[in-house]
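Contents: one structure, followed by commentary.
Every number in this text was worked out from the coordinates using simple rules, so none of it is lab data. Model, not experiment: these values are computed from the prediction. Every residue, glycine as well, gets a Cβ built from its backbone with ideal geometry; the counts of neighbours run over all protein chains shown.
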Amino acid sequence: MYLVKTPKLVQALWPTCLWYIPTRENVLYLTFDDGPIPEVTPWVLNTLLEYNARATFFCVGENVERNPDIFRRLLAEGHSAGNHTHNHLNGWDTETTRYLHNVRHCARLVQSNLFRPPYGRLRPQQRAFLERHYKIVFWDVLSGDFDPNLTAEQCLQNIVENARPGSIIVLHDSLKTVAKLRYVLPAMLEHFSALGYRFEAIPVETSTAPVRVAYHHAQ
């Protein structure tokens, strides 16, 4: 079970995390999880380019290693990148030290202070460590493109009905979602562009050195 629109009460439980970006301007923050992969991400980049839209890609480290040219392209075109662990680990199912080492592995590749946990799942001790070194980015609108029970039209409706200025919206550049994404992304960009919205990337602080700490303090 998941919530399309993240309630304010849930956001208040983890106030140090980024759920949306307060603004009075008509701006939305599109985010794409799980790439980059050659079957989907280049098409996403081409579509964003048509609308002069910028986005944030929460990349899986092993996909960056496999597809460095695509990763370099998304940065060159003005998008930002974030850390989505090296192997798309579920924090609830992963021992803390192993999880943090996996995040660090990805950090060496993406060089970004933005981090999004796969499935939105973190143990409290994992979050306590990570929020000292990264900006943990969640969302306030889930498209539901990962849900096999939703049609592409329903995913689009989820976004259109719930997005507001400053919303952080989750989509996925993955093989599991590509059929829906090919419908949802251009339709969404067209809809909000007609309403005067623009699409921006979440700002990133970069570093040439990965975080080096004694992980045993976070177990």
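Multiply the residue separation of Leu195 and Asn46 by 0.36 nm, subtract the distance between their alpha-carbon atoms, and state the gained length in nm to one decimal.
Full extension from Leu195 to Asn46 adds 51.5 nm.
With charges set only on the Cβ (+1 for Lys and Arg, -1 for Asp and Glu), what does the dipole of region 8-218 come to about its Cα centre, in debye to the nearest 20?
Dipole about the Cα centre, nearest 20: 680 debye.
Taking amide H atoms as placed 1.01 Å from N in the peptide plane, the amide H of Cys59 lies under 5 Å from those of Gly82, Asn83, His84, each 5 or more residues away in sequence or on another chain. Computed over the chain, the per-residue total of -39500 (n - 2.57) for DSSP H runs of n ≥ 4 gives a 222 nm mean residue ellipticity of -11000 deg cm²/dmol, rounded to 500.
Distance between Cα centroids, region 15-36 to region 148-208: provide it in whole Å. Rounded to whole Å, the Cα centres lie 10 Å apart. Bridgeable lysines around Lys176 (alpha carbons under 24 Å apart, same-chain partners fewer than 8 residues away excluded): Lys5.
When the GluC sites (Glu not before Pro) in region 1-87 are filtered for DSSP coil states and for at most 15 other beta-carbon atoms within 10 Å of their beta-carbon, the remaining sites are Glu25, Glu39, Glu77.
Between Leu3 and Glu39, full extension at 0.36 nm per residue minus the direct alpha carbon distance yields a gain of 10.1 nm.
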